[in-house]
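Please read the structure below before turning to the comments.
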Amino acid sequence: MISKLLSSLKTWIDQRGLNGFIILAILLAVVFPLAMDSFRLNLVGKYLTYGFVAIGLVMAWGYGGVLSLGQGVFFGLGGYAMAMFLKLEASDPISTKIQSTPGIPDFMDWNQITALPIWWEPFRHLPFALLAVLVVPTLLAFIISFAMFKRRVGGVYFAIITQAVALILTVLIIGQQGYTGGVNGITDLKTMLGWDTRTNSAKYILYFVTVALLLASIYGCQWIQKSKLGTLLLAMRDKEDRVRFSGYDVAMFKVFAFCLAAFLSAIGGALFTLQVGFMSASFVGIVPSIEMVIFAAVGGRMSLVGAVYGTLLVNFGKTYFSESFPDLWLFLMAALFIGVVMAFPDGLAGLWESHIKGWLARGRAALRKPKNPDAPPSQIVQPDADVMTMQEIGSPPLARSASGSPRVPSGAGMQVSGIQGQSA
Amino acid sequence: MSHDDSNDPISINRRRIMQGLAALPVLGLPGLSFGANLPTAQVNTTKLAVTDTEVTVGQLHSATGTMAISETGSIQAEQLAIDQINAMGGVLGRKIKVIKEDGASDWPTFAEKSKKLLINDKVAAVFGCWTSASRKAVLPIFEKENGMLYYPTFYEGLEQSKNVIYTGQEATQQILWGLDWAVKEKKSKTFFLVGSDYIWPRTSMKIARKHIEGHLPSGSKVVGEEYYPLGTTNFNSLINKIKVAKPDCIFIAVVGGSNVSFYKQLKAAGVTSAKQFLLTISVTEDEVLGIGGENMQGFYASMKYFQSLDNPNNKKFVEAFKAKYGPKSVIGDVTQAAYLGPWLWKAAVEKAGSFDVDKIAAASPGIEFKGAPEAYVKIHENHHLWSRTRIGQAQADGQFKVVAESPELIEPNPFPKGYQ
């Protein structure tokens with residue numbers, strides 16, 4: 001009887017966990033392409049590249065409790081790695097014959113550099129560039145977070161360090177303009193392996209690639225959330241010491257969360273470069289990094305799908321307000337942020353949750369009562385605390401207590417079950 | 001010119017005709033005011049936003065963010081020119097409608113908004129951009145979508161595009177004659193070069209150094225070259241270096257807010273115009289507002305335009321500008337260059353008899369604008385302007401006194417041989 005109940009519960013959870021995902025997938029892959037012209041769709045494609053950063057923040061900040069105010073660094077590094085490849089392809093000796101040194105990127109020529117620097121050389125090859133997109137930012141994230149978390153530097157201090165990194169990288173990129181393009185950035189990117197990325201058909205293809213990768217990333221993150229790892233991340237966020245004293249290496253879990261966020265941001269950055277056609281230092285700094293945190297906050301920092309909606313809402317708002325009210329738009333954006341944060345502290349996802357929850361609960365009660373009126377769903381207790389089965393960890397990632405704070409699934413075991421009380 | 005009252009319904013037509021007639025000799029394009037008869041299908045074969053009565057153009061500057069303070073003057077000047085053109089009956093009989101977009105001092109935003117203007121709004125031309133970075137961000141889009149950009153700022157050169165008309169000076173126009181003047185009038189032999197650290201000052205100083213070392217009388221040399229990040233406010237170490245090097249001429253391309261600290265600290269350190277000759281290529285009347293005339297007094301600037309230029313065109317322009325934007329408004333070099341944009345576009349459209357970008361681009365070289373506040377300009381084959389360079393000396397009231405002017409129009413040369 002209990003197993004039957006569990007399986008129906010599981011189906012319900014799965015449906016619920018995937019419902020939002022499927023709706024988002026339909027919206028992005030079907031509704032938007034049908035409803036929008038190529039210009040607007042290209043804009044959405046650009047917004048979705050920020051969505052990668054936002055879901056990264058949901059994993060690091062919402063789940064891991066690691067707030068990063070420097071995600072622009074990883075977005076930028078991913079973007080720059082891609083831009084370097086595209087720039088080298090655009091700088092063939094024929095189209096740069098007007099330069100003093102043909103065959104090198106134009107900004108190097110303007111800065112009196114006469115030969116391609118050695119470390120640019122490997123970026124002539126797409127596989128290397130793609131590898132660099134993924135590895136370089138993740139490696140940097142590993143170095144930063146390993147150094148910090150091993151010393152148990154966390155919380156606000158870590159956030160400040162990430163800001164410092166963003167500032168340092170900005171200064172470095174702007175200062176080394178002969179190698180990086182400086183303030184102007186790396187511009188005028190045209191083709192990838194001969195494929196013109198500026199045509200309408202290319203924009204459509206890039207949009208669908210972005211959507212596919214974003215959905216895959218969300219799915220991957222949901223899988224992590226449902227796994228033991230996700231539970232531990234939550235537990236660690238809410239009561240770090242208890243997890244540590246249970247024998248887990250807390251620092252490495254935090255490092256993982258931070259690296260995952262960096263990895264996702266870098267994918268977003270590379271796709272951004274492809275869609276927009278340039279990369280500049282204005283993405284690496286503190287302001288864009290904080291803006292990216294706002295995307296996640298507006299969407300709801302516990303919800304992957306919500307973070308994507310948050311990114312879309314903020315950026316649609318930005319575009320719409322600045323097109324319609326060029327003089328007032330900054331005030332309207334500020335009003336949007338303040339309004340969302342004050343009215344729905346858990347972001348869009350929290351709003352959805354609080355509205356849908358009651359409706360679902362009634363529906364569920366109506367469904368269950370005639371079948372098994374005596375079995376309270378909270379009595380799912382697993383004797384072996386360390387081994388978690390699918391039923392337990394299949395708890396909804398969005399499960400919240402009344403205050404909206406996420407809760408460790410009730411079956412997670414003795415060691416971490418105490419968290420619930422303190423999480424509110 | 002009082003255009004503010006031109007909405008009086010009785011006098012409006014007469015006024016337009018009068019103004020239209022009056023402007024013909026000014027533009028040097030007699031007979032082209034009959035364009036009103038041209039059917040839209042004929043003047044617009046590329047699906048631009050042109051109707052029988054209206055043509056839509058875009059304006060893309062930073063109305064917000066750090067660059068807003070600099071770009072506001074350009075926004076105002078372009079609007080003034082468009083209002084004046086509309087009061088004269090528009091372009092080929094069509095009123096100009098402006099779609100304003102805010103680049104927000106953010107280069108990716110510039111790229112997004114330029115795409116919107118060209119792809120969605122199908123504007124016939126765009127007046128906009130200020131920094132090199134914003135121009136570099138939108139240039140590929142203008143070339144891809146075949147748009148027309150009128151770019152007002154003096155800039156580093158090394159660029160030329162069918163889709164851009166550069167109404168400001170490129171680096172050699174602004175620098176070479178100024179340095180020659182410094183040698184001739186101020187007997188400068190040693191130069192100390194200072195710039196903000198980005199592409200325009202770097203390129204400008206490269207050109208200046210090549211000129212000093214290769215083209216000025218033997219013995220001329222650079223005794224120092226320093227760059228500071230944008231936004232730097234502490235110049236004390238630089239000032240000490242200058243004091244040690246004792247250059248005959250400090251040659252400056254520091255931009256934005258850094259200027260305020262730089263000139264104040266110079267003055268505080270006792271480096272005043274009484275003792276030191278200083279020539280800048282980056283301070284216009286707009287910047288002096290922030291620096292304060294008393295801190296800048298006596299130093300020199302090399303530009304193509306100063307508000308105090310004494311000619312009838314400029315008098316009318318300054319008067320109209322102040323009538324529209326208040327008596328305290330000042331007009332700097334870039335503001336004037338921005339004012340040229342709509343007029344040069346109008347002349348090109350009328351010469352081509354079409355709004356099509358390809359035809360405008362082809363018609364532009366050779367176009368003259370005799371009504372320019374800077375007196376006279378002509379578009380070169382390379383889409384830059386022939387213009388004069390002037391030396392102004394800063395006054396305590398924030399204006400510049402024009403002390404020298406190049407006798408000839410200087411040819412724009414964005415890819416100078418021997419200077420790269």
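Every number here is computed from the coordinates shown, using simple stated rules; none is lab data. In this text, all values refer to a predicted model and were calculated from it rather than measured experimentally. Counting neighbours? That spans all protein chains shown, and the Cβs are built from the backbone with ideal geometry, glycine included.
If I go through region A:133-163 residue by residue, how many of them are surrounded by 14 or more Cβ atoms within 10 Å (Cβ to Cβ), among the small types (G, A, S) and more than 17 Å from A:I286 (Cα to Cα)?
2
Restricting to region B:68-123, name every residue that is among the β-branched types (V, I, T), crowded, with 21+ Cβ neighbours inside 10 Å and facing chain A (nearest Cβ under 9 Å).
Result: B:T109, single match.
Out of curiosity, is A:F107 within 14 Å of chain B (Cβ to nearest Cβ) and assigned to a helix (DSSP H, G or I)?
So A:F107 passes the test.
What residue, among those in region A:164-178 that are surrounded by fewer than 19 Cβ atoms within 10 Å (Cβ to Cβ) and part of a helix (DSSP H, G or I), is farthest from the other protein chains (Cβ to nearest Cβ)? Even if it seems obvious, please write down each step before you answer.
Step one: filter region A:164-178 for residues surrounded by fewer than 19 Cβ atoms within 10 Å (Cβ to Cβ), giving A:164, A:167-168, A:171-172, A:175-176, A:178.
From what's left, part of a helix (DSSP H, G or I): A:164, A:167-168, A:171-172, A:175, A:178.
Values: A:A164: 16, A:L167: 12, A:I168: 13, A:V171: 7, A:L172: 11, A:G175: 7, A:G178: 9 Å.
Here the answer is A:A164.
Does A:F75 fit the bill of being within 14 Å of chain B (Cβ to nearest Cβ) and crowded, with 24+ Cβ neighbours inside 10 Å?
On the way: within 14 Å of chain B (Cβ to nearest Cβ): yes; crowded, with 24+ Cβ neighbours inside 10 Å: yes.
Yes.
In region A:180-205, what count of residues is obtained for those that are surrounded by fewer than 18 Cβ atoms within 10 Å (Cβ to Cβ), in contact with a helix residue (DSSP H, G or I) (Cβ under 8 Å, 6 or more places away or on another chain), assigned to a helix (DSSP H, G or I) and more than 11 Å from chain B (Cβ to nearest Cβ)?
1
If you check B:E71 against the conditions, is it under 17 Å from B:L340 (Cβ atoms) and out of contact with any helix residue (DSSP H, G or I) (no Cβ under 8 Å at 6 or more places or on another chain)?
So B:E71 fits the description; yes.
Consider B:F415 carefully, then state whether it is surrounded by 21 or more Cβ atoms within 10 Å (Cβ to Cβ) and of a type in the set (A, V, I, L, M, F, W, C).
Taking the combined requirement at face value, the residue does not satisfy it.
Give the residue that is surrounded by the most Cβ atoms within 10 Å (Cβ to Cβ), with candidates limited to residues of region A:332-359 that are within 26 Å of A:F39 (Cβ to Cβ) and within 14 Å of chain B (Cβ to nearest Cβ).
A:M333
Quick check on my filter: what residues within region B:186-229 are within 14 Å of chain A (Cβ to nearest Cβ), surrounded by 19 or more Cβ atoms within 10 Å (Cβ to Cβ) and part of a helix (DSSP H, G or I)?
B:I199, B:W200, B:P201, B:R202, B:T203, B:S204, B:M205, B:K206, B:I207, B:A208, listed by residue number.
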